[in-house]
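The values are calculated or read from the model by the stated rules, or taken from the named source; none is laboratory data. Just so you know, these numbers come straight off a predicted model, no measurement behind them. Note that we place each Cβ from the backbone using ideal geometry, even for glycine, and neighbour counts take in every protein chain shown.
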Amino acid sequence: MTVLEASDGVGGRARTDEVDGFLLDRGFAILLSSYPEQAAQLDLEALRLGRFYAGAKVRLGGGFHTVADPFRHPVDAVATMSPAHPIGSPLDKARVGLLRLRAMAMSEEAIFRDSETTSMDLLRGCGFSQEMIDRFFR
């Protein structure tokens, strides 16, 4: 069997590198609470897991800008919605909220029955500006 990899090592986006004796995990890993086997196999209390902030930090113009989930962090979302906030227009941010509400209202079955499309086509079809696509989604 032959494995072809474009980067300096196999594993793609999720892998572990050893640097100066330290193991560094690369990639994004989360534990989804819906996995039924986790309660049987893991001592979640002993792991002292934490939650991610429901939002994003976007680097632009030499600084980081918080984009808060308005449903989980309504106070932080006030600053995010400001017209002075550089990550998307207020209309783009309202579209994010509408997209999220649409996804929350759909059942898993309905999501999988929906016609397939690319992320880019979906974002453009929802009316997001190119600036929002480039600064936030990309």
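Remarks
- If the condition is being assigned to a helix (DSSP H, G or I) and under 24 Å from Phe136 (Cα atoms), then the stretch 99-122 contributes Leu99, Arg100, Leu101, Arg102, Ala103, Met104, Ala105, Ile111, Ser119, Met120, Asp121, Leu122.
- Boolean, Ser119 is of a type outside the set (Val, Ile, Thr), in contact with a Phe, Trp or Tyr (Cβ under 8 Å, 6 or more places away or on another chain) and free of Cβ contacts under 8 Å to residues at least 60 places away in the same chain: yes
- Hey, Ser129 more than 18 Å from Tyr53 (Cβ to Cβ), modelled with pLDDT of 90 or more and of a type in the set (Ser, Thr, Tyr) or not: yes
Let's see how each residue does on (1) more than 26 Å from Leu122 (Cβ to Cβ); (2) of a type in the set (S, T, N, Q); (3) surrounded by 13 or more Cβ atoms within 10 Å (Cβ to Cβ); (4) in contact with a helix residue (DSSP H, G or I) (Cβ under 7 Å, 6 or more places away or on another chain):
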position	(1), (2), (3), (4)
Gly63	yes, no, no, no
Ala68	no, no, yes, yes
Val78	yes, no, no, no
Lys93	no, no, yes, yes
Leu99	no, no, yes, no
Ala103	no, no, no, no
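- Residue that is farthest from Leu32 (Cα to Cα) [pool: residues in the stretch 42-57 that are surrounded by fewer than 12 Cβ atoms within 10 Å (Cβ to Cβ) and under 16 Å from the mean Cα position of the chain (by Cα)]: Lys57
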